[in-house]
Amino acid sequence: MAQAAPTSEGAPRTRRTPDIFSAHTHALARLAFPVLLGLVYGYWAAANRRGGGPITGWNILFGFVTALVFILVYLGVQALAPRLRRELHALLWTAFGGIAFGFLYNQSGESVLRTTGMSLAVAVVFFVVLFYRYYTHEDATGHRIR
(Lines give C-alpha, C1' and ligand atoms only; values in the text may rest on other atoms or scores of the structure.)
Protein backbone atom coordinates (compact mmCIF):
# COMPACT_ATOMS: atom_id res chain seq x y z
CA MET A 1 0.00 0.00 0.00
CA ALA A 2 1.42 3.37 -1.03
CA GLN A 3 1.29 6.15 1.49
CA ALA A 4 2.58 9.70 1.42
CA ALA A 5 5.82 10.38 3.22
CA PRO A 6 5.42 12.37 6.41
CA THR A 7 6.18 16.08 6.18
CA SER A 8 7.06 18.50 8.91
CA GLU A 9 4.17 20.77 9.80
CA GLY A 10 4.63 24.45 9.05
CA ALA A 11 7.97 24.10 7.28
CA PRO A 12 8.04 26.06 4.04
CA ARG A 13 8.49 23.95 0.94
CA THR A 14 11.11 25.15 -1.45
CA ARG A 15 12.08 23.38 -4.64
CA ARG A 16 15.24 25.22 -5.48
CA THR A 17 18.27 23.66 -7.02
CA PRO A 18 21.58 24.41 -5.35
CA ASP A 19 23.51 27.33 -6.82
CA ILE A 20 27.07 26.17 -7.42
CA PHE A 21 28.30 29.33 -9.21
CA SER A 22 28.99 32.69 -7.63
CA ALA A 23 27.06 35.88 -8.42
CA HIS A 24 30.06 37.11 -10.42
CA THR A 25 29.99 33.99 -12.60
CA HIS A 26 26.28 34.45 -13.25
CA ALA A 27 26.79 38.11 -14.19
CA LEU A 28 29.61 37.17 -16.55
CA ALA A 29 27.54 34.41 -18.16
CA ARG A 30 24.61 36.81 -18.58
CA LEU A 31 26.84 38.91 -20.84
CA ALA A 32 28.96 36.14 -22.39
CA PHE A 33 26.00 34.11 -23.63
CA PRO A 34 24.58 36.87 -25.90
CA VAL A 35 28.06 37.61 -27.25
CA LEU A 36 28.70 33.97 -28.10
CA LEU A 37 25.23 33.58 -29.57
CA GLY A 38 25.69 36.79 -31.59
CA LEU A 39 29.00 35.62 -33.04
CA VAL A 40 27.43 32.32 -34.11
CA TYR A 41 24.47 34.23 -35.58
CA GLY A 42 26.76 36.62 -37.48
CA TYR A 43 28.81 33.76 -38.89
CA TRP A 44 25.65 31.94 -39.91
CA ALA A 45 24.22 35.04 -41.64
CA ALA A 46 27.50 35.66 -43.49
CA ALA A 47 27.68 32.02 -44.58
CA ASN A 48 24.09 32.13 -45.84
CA ARG A 49 24.76 35.35 -47.73
CA ARG A 50 27.84 34.11 -49.57
CA GLY A 51 26.08 30.87 -50.50
CA GLY A 52 29.20 28.72 -50.63
CA GLY A 53 31.23 31.28 -52.55
CA PRO A 54 34.57 32.75 -51.52
CA ILE A 55 34.97 34.58 -48.24
CA THR A 56 35.54 38.27 -48.86
CA GLY A 57 36.26 41.23 -46.64
CA TRP A 58 32.73 42.53 -47.16
CA ASN A 59 31.36 39.17 -46.12
CA ILE A 60 33.40 39.24 -42.90
CA LEU A 61 32.30 42.83 -42.22
CA PHE A 62 28.67 41.82 -42.80
CA GLY A 63 29.04 38.96 -40.31
CA PHE A 64 30.52 41.17 -37.59
CA VAL A 65 27.96 43.96 -38.08
CA THR A 66 25.16 41.39 -37.98
CA ALA A 67 26.64 39.90 -34.79
CA LEU A 68 26.91 43.34 -33.18
CA VAL A 69 23.32 44.26 -33.99
CA PHE A 70 22.09 40.86 -32.77
CA ILE A 71 23.99 41.23 -29.48
CA LEU A 72 22.68 44.74 -28.84
CA VAL A 73 19.07 43.84 -29.62
CA TYR A 74 19.32 40.65 -27.53
CA LEU A 75 20.65 42.62 -24.55
CA GLY A 76 17.87 45.19 -25.00
CA VAL A 77 15.18 42.51 -25.06
CA GLN A 78 16.85 40.76 -22.12
CA ALA A 79 16.69 43.98 -20.10
CA LEU A 80 13.15 44.98 -21.09
CA ALA A 81 11.26 41.67 -21.21
CA PRO A 82 11.27 40.80 -17.45
CA ARG A 83 9.55 44.13 -16.70
CA LEU A 84 6.54 43.21 -18.82
CA ARG A 85 3.50 41.09 -18.05
CA ARG A 86 3.78 37.45 -19.10
CA GLU A 87 1.81 37.92 -22.35
CA LEU A 88 3.94 40.84 -23.52
CA HIS A 89 7.06 39.12 -22.21
CA ALA A 90 6.36 36.13 -24.47
CA LEU A 91 5.37 38.39 -27.37
CA LEU A 92 8.61 40.39 -27.19
CA TRP A 93 10.80 37.27 -27.26
CA THR A 94 8.56 35.88 -30.03
CA ALA A 95 9.10 38.97 -32.16
CA PHE A 96 12.84 38.78 -31.56
CA GLY A 97 13.00 35.09 -32.47
CA GLY A 98 10.79 35.44 -35.53
CA ILE A 99 12.69 38.41 -36.89
CA ALA A 100 16.07 36.81 -36.22
CA PHE A 101 15.00 33.63 -38.01
CA GLY A 102 13.49 35.60 -40.90
CA PHE A 103 16.69 37.57 -41.42
CA LEU A 104 18.78 34.40 -41.54
CA TYR A 105 16.33 32.70 -43.87
CA ASN A 106 16.25 35.72 -46.19
CA GLN A 107 20.04 35.75 -46.49
CA SER A 108 19.88 32.39 -48.26
CA GLY A 109 18.18 34.06 -51.23
CA GLU A 110 14.57 33.02 -50.66
CA SER A 111 11.69 35.28 -51.66
CA VAL A 112 10.26 37.78 -49.22
CA LEU A 113 6.88 36.04 -49.26
CA ARG A 114 8.38 32.65 -48.36
CA THR A 115 10.61 34.27 -45.73
CA THR A 116 7.60 35.97 -44.16
CA GLY A 117 5.61 32.72 -44.07
CA MET A 118 8.45 30.74 -42.53
CA SER A 119 9.12 33.50 -39.97
CA LEU A 120 5.49 33.59 -38.94
CA ALA A 121 5.43 29.81 -38.57
CA VAL A 122 8.54 29.90 -36.37
CA ALA A 123 7.12 32.85 -34.38
CA VAL A 124 3.89 30.95 -33.67
CA VAL A 125 5.87 28.04 -32.24
CA PHE A 126 8.00 30.47 -30.21
CA PHE A 127 4.90 32.15 -28.81
CA VAL A 128 3.19 28.91 -27.80
CA VAL A 129 6.29 27.59 -26.02
CA LEU A 130 7.19 30.89 -24.35
CA PHE A 131 3.64 31.75 -23.31
CA TYR A 132 3.27 28.33 -21.70
CA ARG A 133 6.57 28.73 -19.91
CA TYR A 134 5.82 32.24 -18.60
CA TYR A 135 2.20 31.35 -17.79
CA THR A 136 3.34 28.49 -15.57
CA HIS A 137 6.32 30.30 -14.00
CA GLU A 138 5.02 33.88 -13.49
CA ASP A 139 2.03 35.53 -11.88
CA ALA A 140 -0.26 37.87 -13.83
CA THR A 141 1.99 40.89 -13.26
CA GLY A 142 5.12 39.16 -14.60
CA HIS A 143 6.85 38.31 -11.32
CA ARG A 144 8.37 34.88 -11.00
CA ILE A 145 6.53 32.44 -8.80
CA ARG A 146 8.85 31.23 -6.04
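So the values come out like this:
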read-out: Zone of L75's modelled label, taken as backbone nitrogen in segment 98-132 under 20 Å from a point 7 Å along Cα→Cβ; value: 100
read-out: Accessible-area value, R30, 1.4 Å probe, nucleic acids and ligands omitted, Å²; value: 140
read-out: Ordering of 112-125, 47-60, 84-97 by packing [mean C-beta count within 10 Å, highest first]; value: 84-97, 112-125, 47-60
read-out: Residues L31 and I145, FRET efficiency given R0 of 30 Å [Cβ-Cβ distance, rounded to 0.05]; value: 0.70
read-out: Approximate spin-label separation L84-R114, in nm, with each point projected 7 Å along Cα-to-Cβ; value: 3.0
read-out: Probe 1.4 Å, all protein chains present, accessible-area order of F70, F21, largest first; value: F21, F70
read-out: Accessible-area ranking of Y132, Y41, largest first, probe 1.4 Å; value: Y132, Y41
read-out: Contour excess over end-to-end distance, with Cα ends at W44 and L68 and 0.36 nm allotted per residue; value: 7.3 nm
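The values are calculated or read from the model by the stated rules, or taken from the named source; none is laboratory data. The structure presented is a predicted model; accordingly, all values stated were derived computationally and were not measured. Quick reminder, even Gly has a Cβ in these numbers, built from the backbone with ideal geometry, and neighbours come from all protein chains shown. For accessibility, only protein heavy atoms count, side chains too; no ligands or nucleic acids. Shrake-Rupley method; radii C 1.70, N 1.55, O 1.52, S 1.80 Å.
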